[in-house]
Amino acid sequence: MKKLLLVCLSVVFIAGVVSPLTAAAEEDDITGTLFEDDMRALIDAGIMQGYGNGQYGPDDKVTRAQFTAFIVRALDIQYGEEEISEVGASEDYNYGDVDPAKWYYPSVIAATEEGLIQGYPNGNFGPTDYITRQDMAMIMVSAAEMKGVISEAEELKFDDKDEIKPYAREAVKRLVNLGIINGKQEKDSLFYAPYDKTSRGETAAVINRLLKVLDPPKELDYQVASLSQGEDPVIHEEFETYEEAVSFAGDDQVVLKGNNIVWIEEGKGTTNAFTILYDTEALTSNSTYVTSGVDVELLEIEEDWVKIRLADTEGYVDPDKINLTPDHMVKDRSYYEVQDGLLYHRLYNAITERSSRYLYGEAADFMEEDGKYYSDNGNSFYNENGTFVGEAFQYFNRMPLYTETSYTGEQLDEYLAHASPDSPLIGTGDSFKKAEEEYGTNALYLLAHAIHESNWGKSAIARDKNNLFGIGANDGNPYEDAWEYESYEEGILEAAKEFIIPRYFTSSSYLYNGAHLGNKSTGMNVKYASDAYWGQKIAGHMFRADRYLSEKLDQAPENGAFDLAQTVTPYVNVRSAAEVADNKLYQIPMDGVNLQILDEVEARGTWYEVAPENFYGNDEEYKKAFIYSDGYSAYGTSLKKLPLAVDSDS
């Protein structure tokens, strides 16, 4: 779970504790050393810390865990607790020697997921092993590629170049080209020393040089270049200004600043770090945020900002946070696919060049078996030719989460035992129903949320602290900071009462965007998680449970049981009867909020009886609630029905 406020506060805290240390340079052990400037740069940036009393150990050897933590901080890779749990649950990252309670666990998992580092063939990571210079080169070149840096393979002049292992030789060549690696001078000879253990000073030097490549000096010229897969860039012309270079660039050409692509005519963008989407070009007030490796639609590219579309939200991002890839260089992209009438989302990460897949829900009736479809928001779909084929919303992604499920606690436990027989959550069904009855959080939703956040209750935070929702687990130290509860039930009830409802169901909260799961434009996903598909993944868990239980109980599924509507204008009044009178119950302050339709009433235009917002914190319990939709010109239009992807035979 990503909390922007906590991230900001941690940055302030780091700045506050580091500055006094650097001010006392005369008393530390860095002064006069070869890599003094590099170490001070990383210390000031909060990337490297000391041991206290002015001791930083510039000659100390660096372990694999320490180096991983340094590079994760340097690249601003931020993973929330739910992402750490989800990724860490994969067999690919189940290192036998990395304890989830250790301080470096989040960094190791994040770096592995981003493709920066790998474990040993025996399944271990070797966190306490000292890192060699050639293994360090592999991580550094992966870091440069993650940030979209273009490099060439430069011929090596090291006297010991033949001693570099074949797997690391290309990485060393590219780092030499970028000026990140220089080698070790001994008399008249230049060595790379691939098997030497990397020191803290050397580590600071290579990371600081990488940061300078990522943020080159302002006076560096712009270059117009042509790029081809597997080939070094062809430079056509150099210019002093961004505007001149962009004006000169032709079809399929790019503009480089240093080794970074800063302009393309057509192509796609991919976030390369935790990225904030701002409302204006000033990059001040933000609307949402997203993790690295997410493809976004490029709308406009300028030197100081890039305008993008994420789901249905348009906004501006820091250009340093976006990798630009021209169309002819795009290797793959994410898409939706239909199998056995079900809709799966295949996610492609352009940075790591790896794919994953999750079940989203029912395939829409306009989709064909084995069909492949593209969508930026999860509801408007296009074929491979870019032709619009239809719109369909997933019921569980858009239903109000303050409605009730018909499934009992015992039935929820039956699903848990079926889907994950070793899940510690088995037996908690009644606790989720208790949260529904006492506070108004749909039990099927809350269970699915817990499944996703805690990896079926198997994450370290869930197992050790009875915390199924990652509450308090900020990115800097998720395990230690996560709140602890006496029991699963206490954690479930507290999450509903003190966290989810007041922050995400209550319209007066600054985090509110509708009490449904949604995406990065509407619903909880806007401000709850940096994972752009967090809401869709939880909806998929709800769909799986509903599909299994409805078939087992031989009853109609809850998926699509009611029609849904969405507000299309702000300040929509909810009334106790289908008429405009002194009968307002409450007001929905924004558009994009979803409602469950219970009945349709014709009065002055079309009205809908909707499920009322009966959840903890409201002054009264509403028996009936009505909203004017459309059809009466004096009232305009307040709602639109959502086309749902449901099985017509169910």
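Any chance you could list P(r) for the stretch 409-536, counting all Cα-Cα pairs in 5 angstrom bins from zero, rounded to whole %?
2, 12, 20, 24, 22, 15, 5, 1, 0
State whether the stretch 335-389 is rounded, prolate or oblate according to the following rule on the C-alpha gyration tensor (a ≥ b ≥ c being the square roots of its eigenvalues): a/c under 1.5 gives rounded; otherwise a/b larger than b/c gives prolate, and the remaining case gives oblate. Intermediate results must be reported in sequence, preceding the final value.
Working: a/c = 2.04, a/b = 1.35, b/c = 1.51.
Cα axes put the stretch 335-389 in the oblate bin.
Give me the one-decimal nm value for the distance between modelled label points at residue 556 and residue 60, 7 Å along each residue's Cα-to-Cβ direction.
6.6 nm
Could you work out the helix-only [θ] at 222 nm for the chain, with each DSSP H run of four or more residues adding -39,500 (n - 2.57) and the total divided by the number of residues, to the nearest 500 deg cm²/dmol? Display every interim value, and only then the final one.
Details: 18 runs with 185 residues, N = 650.
For the chain, the value works out to -8500 deg cm²/dmol.
If R0 is 22 Å, what FRET efficiency do you get for residue 191 and residue 45 from their C-beta distance, rounded to 0.05? Working shown, then result.
Working: r = 30 Å, r/R0 = 1.35.
Result of the calculation: an efficiency of 0.15.
Can you give the relative contact order of the stretch 409-536 as a percent, counting alpha carbon pairs under 8 Å and 6+ residues apart? List each step's numbers first, then the result.
Details: 187 pairs, mean separation 17.9, N = 128.
Relative contact order for the stretch 409-536 comes out at 14 percent.
On each of the three principal axes of the Cα atoms of the stretch 558-599, give max minus min coordinate, whole Å, ordered largest first.
Extents along the principal axes, in whole Å: 35, 21, 12.
On a 0 to 90 degree scale, rounded to 10, what angle separates helix 133-146 from the longest Cα axis of the chain?
Approximately 50 degrees, to the nearest ten.
How do the peptides 160-171, 373-384 rank, highest first, by the average count of neighbouring beta carbon atoms within 10 Å per residue? Please report the intermediate quantities before stating the final value.
Working: 160-171: 15.1, 373-384: 18.5.
Final packing ranking: 373-384, 160-171.
Report relative contact order for the stretch 41-192 in percent, whole number only (criteria: Cα-Cα under 8 Å, sequence separation at least 6). Working shown, then result.
On the way: 153 pairs, mean separation 30.2, N = 152.
About 20 percent, as a whole number.
Provide the packing ranking of 63-76, 122-135, 629-642, i.e. peptides ordered by the mean count of other C-beta atoms within 10 Å per residue, highest first. Don't jump to the answer; show the numbers that get you there.
Working: 63-76: 22.0, 122-135: 17.4, 629-642: 15.9.
So the peptides 63-76, 122-135, 629-642, ranked by packing, come out 63-76, 122-135, 629-642.
Taking 35 Å as R0, compute the FRET efficiency from the Cβ-Cβ separation of residue 579 and residue 382 and round it to 0.05. Intermediate results must be reported in sequence, preceding the final value.
Values: r = 42 Å, r/R0 = 1.20.
Calculated value: 0.25.
Using 17 Å as the cut-off for backbone N distance, which residues of the stretch 444-464 belong to the label zone defined by a point 7 Å from the Cα of residue 498 along Cα→Cβ?
Of the residues in the stretch 444-464, 462 have backbone N under 17 Å from the label point off residue 498.
If I stretch the segment between residue 231 and residue 118 completely, what's the gain in nm (0.36 nm per residue apart, minus their alpha carbon distance), one decimal?
Details: separation 113, 0.36 × 113 = 40.68 nm, distance 2.59 nm.
Gain on stretching residue 231 to residue 118: 38.1 nm.
Measuring from label point to label point, each 7 Å out along Cα→Cβ, what is the residue 128 to residue 372 span in nm?
It works out to 4.8 nm between the two label points.
Working from Cα positions, state the angle (0 to 90°, nearest 10) between the long axis of helix 64-74 and the longest principal axis of the chain.
70 degrees
Please give the per residue accessible area of the chain, computed with a probe of 1.4 Å over protein heavy atoms only, in Å².
Details: 28310 Å² over 650 residues.
So the chain comes to 44 Å² accessible per residue, rounded to a whole number.
Could you give the distance between the Cα centres of the stretch 476-493 and the stretch 249-275, to the whole Å?
The stretch 476-493 and the stretch 249-275 have Cα centres spaced 42 Å from each other.
Subtract the Cα-Cα distance of residue 212 and residue 265 from 0.36 nm times their separation in residues, and report this length gain in nm to one decimal.
Values: separation 53, 0.36 × 53 = 19.08 nm, distance 2.60 nm.
Extending this stretch completely gives an extra 16.5 nm.
When you take every Cα atom in the chain, what is the radius of gyration, and what is Dmax, the widest Cα pair distance, in Å?
Expressed in Å, the Cα Rg and Dmax of the chain come to 26.9, 94.
Once the piece of chain linking residue 357 and residue 286 is laid out straight, how much longer is it, given 0.36 nm per residue of separation minus the C-alpha distance between them?
Details: separation 71, 0.36 × 71 = 25.56 nm, distance 2.94 nm.
22.6 nm is the gain from fully extending residue 357 to residue 286.
Could you sort 263-270, 426-433 so that the peptide with the highest average Cβ count within 10 Å comes first and the rest follow in order?
Values: 263-270: 19.9, 426-433: 21.8.
Descending packing order for the listed peptides: 426-433, 263-270.
Residues in the stretch 146-172 near a label at residue 238, defined as backbone nitrogen under 19 Å from the 7 Å Cα→Cβ point?
The answer is 150-154.
Taking the Cβ of residue 144 as the center, what net charge do the other residues with Cβ under 11 Å away carry, scoring Lys and Arg +1 and Asp and Glu -1?
On the way: positive: 147, 174, 209; negative: 145.
Net charge in that neighbourhood comes out at +2.
Could you tell me the relative contact order of the chain? Use alpha-carbon pairs under 8 Å, at least six residues apart, and round to a whole percent.
11 percent
What is the local net charge at residue 607, summed over the other residues whose Cβ is closer than 10 Å to its Cβ (Lys, Arg +1; Asp, Glu -1)?
Working: positive: 575, 604; negative: 579, 599, 600, 602, 609, 630.
With Lys, Arg at +1 and Asp, Glu at -1, the neighbours total -4.
How much FRET efficiency would the formula 1/(1 + (r/R0)^6) give for residue 165 and residue 76, where r is the Cβ-Cβ distance and R0 is 30 Å, rounded to 0.05? The partial results should precede the final answer.
On the way: r = 30 Å, r/R0 = 1.00.
That gives a FRET efficiency of 0.50.
Starting from the alpha-carbon convex hull of the stretch 564-645, give the projected area averaged over all orientations, in nm². Can you show the working numbers first?
Values: hull surface 22.6 nm².
Average projection, Cα convex hull of the stretch 564-645: 5.7 nm².
The values are calculated or read from the model by the stated rules, or taken from the named source; none is laboratory data. Note that this is a predicted model, so its numbers are computed, not measured. Here the Cβ is made from the backbone with ideal geometry for all residues, glycine too, and neighbour counts use every protein chain on show. Protein only, heavy atoms only, side chains kept; ligands, DNA and RNA dropped before computing areas. Shrake-Rupley method; radii C 1.70, N 1.55, O 1.52, S 1.80 Å.
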